[in-house]
Amino acid sequence: MRNYFLSLFAFVLLISVACQQPAEKETVKTPDYATFNKKVETIRSFIKAHMDEDLNAQVALFSDTLRWNPAVYNGNKWLEKKDFVDRLKEVHGNFENITYTEGIILQDNTLINGMYSGSVFPKETATSTPSNIRVYGTWTATHTETGKEIGVKWYSLFGVNADGKITNISEYYDAGGIALQIAAE
């Protein structure tokens, strides 16, 4: 009888092990740092040209099909390259001493990285490919007409193609806050 139970136990154990689904093998892809760094270099060139108010250098970084989604709510419509160039001209005409500090300022005043891409969450869309670059930083400038110093935190998503040209920009910042700073007494 004892051998019967041992045999039955061994059989049940064998069946339960054999019927288990193999564990999903997680594949960890190596992040594409070279592509990320190339795209970051393009974005930093755009930012430097903006600080230099060099519209030609900025435009040279744009793809012919550049699309722009401004910070000001417009029904989430994507605008054309010409619209973005016109906005840059307006900023260059109304501000001087444009500076940019790349990064996120933490609670202890530590400044950390301002360029990110890829993700591990959510699992369904996790990627190690730098398809869009998330850019964080702070812009400051002097309003030309009033001489007032302004500042604004800025977050943007940049798409950069394999040729190193900017294909899309979606910006987030407090445009109304800039107007309030200029209007303040």
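Below is a table of values for the structure above.
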| read-out | value |
| --- | --- |
| Whole-percent carbon and sulfur share, accessible surface of segment 27-185, 1.4 Å | 54 |
| Anchor Lys81: aspartates and glutamates whose Cα lies under 15 Å away (excluding residues fewer than 8 positions away in-chain) | Asp64, Glu90, Glu171 |
| Cα gyration tensor shape of segment 64-130, rounded if a/c is under 1.5, else prolate or oblate by comparing a/b with b/c | oblate |
| Residues with amide H under 5 Å from that of Gly103, placed H, sequence gap 5 or more | Gly114, Tyr136, Gly137, Thr138 |
| Long-range amide H partners of Ser117 with built H, under 5 Å | Arg134 |
| Neighbour cut-off at most 11 other Cβ (10 Å), DSSP loop, chymotrypsin sites (Phe, Trp or Tyr not before Pro), segment 29-95 | Tyr73 |
| Pairs of Cα atoms farther than 13 Å apart, segment 120-171, % | 71 |
| Eligible aspartates and glutamates near Lys29 by straight Cα distance, threshold 19 Å, same-chain separation 8 or greater | Glu124 |
| 5 angstrom amide H check on Asn168, placed H, neighbours 5+ away | Arg67, Gly159 |
| Aspartates and glutamates with Cα under 13 Å of Lys38, excluding same-chain neighbours fewer than 8 positions away | Asp163 |
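The values are calculated or read from the model by the stated rules, or taken from the named source; none is laboratory data. In this text, all values refer to a predicted model and were calculated from it rather than measured experimentally. As a convention, Cβ positions derive from the backbone with ideal geometry for all residues, glycine included, and neighbour counts pool all protein chains shown. Heavy atoms of the whole protein, side chains included, go into the accessibility calculation; ligands, DNA and RNA do not. Shrake-Rupley method; radii C 1.70, N 1.55, O 1.52, S 1.80 Å.
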